[in-house]
Amino acid sequence: MKRFFSLALVLALVSIGVPLGAAAPQNASLAGIARNAGGDPLVNHTVRLRNVATGQIAGTTWSSAQGAFSFTGLAQGNYVIEVVDATGKIIATSASIPVATGAAITGVTVTASAASAAAIGAAAGTGSFFTSTAGIVLIAAAGVGATAAIVRATGSASK
């Protein structure tokens, strides 16, 4: 009898569209502007979003004519933004940005500077740098000196 009621409950939930064992929501967003050391927008540059915990690229986009970029459909986690030039060299990186489920983070400014680009380039000498936790932490640390981030989060900030 219990088996019958369990099956009936599962079928009822499925029929009304309640997900069983749903994956973590991926509804957060992050937006900002990429700038050079002089404060001018970095136009048509590759902008990557890297998950700090895994080291994996979570998204890639291009900066607009105003240097603007955005990422949507993000899962909760900590991310760094990397701005890449035409040769594939990372020229700017942000500090670690915590993203909560449902948050809409705006106003992030990633600024390239000669000092941060040199530090990142020197540290990236090994092939496994960008897949190691130490490499990601070093990128985020270099970004602290290269980034003036103004962040406004809206939406749910609960964990």
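Any read-out appearing in this document is the output of simple, stated calculations on the displayed coordinates, not a laboratory observation. All of these numbers come straight from a predicted model, not from anything done at the bench. Counting neighbours? That spans all protein chains shown, and the Cβs are built from the backbone with ideal geometry, glycine included.
Which ³J(HN,Hα) values, rounded to whole Hz and listed in residue order, are derived for region 76-91 from phi using the Karplus coefficients 6.51, -1.76 and 1.60 in 6.51 cos²θ - 1.76 cosθ + 1.60 with θ = phi - 60°, glycine and proline given as x?
So the J values, rounded to whole Hz, are 4, x, 10, 10, 10, 9, 10, 9, 10, 7, 5, 8, x, 7, 6, 10.
Report ³J(HN,Hα) in whole Hz for each residue of region 48-55, in order, from the Karplus equation J = 6.51 cos²θ - 1.76 cosθ + 1.60 where θ = phi - 60°; Gly and Pro get x.
Ordered by residue, 3J(HN,Hα) equals 10, 10, 10, 6, 5, 5, 9, x Hz.
Collect residues whose amide H, placed 1.01 Å from N in the peptide plane, falls under 5 Å from the amide H of residue 68; neighbours closer than 5 in sequence don't count.
Amide H neighbours of residue 68: 34.
Need one number: nm distance between label points at residue 53 and residue 76, each 7 Å from Cα along Cα→Cβ, rounded to one decimal.
Here the modelled spin labels are 0.9 nm apart.
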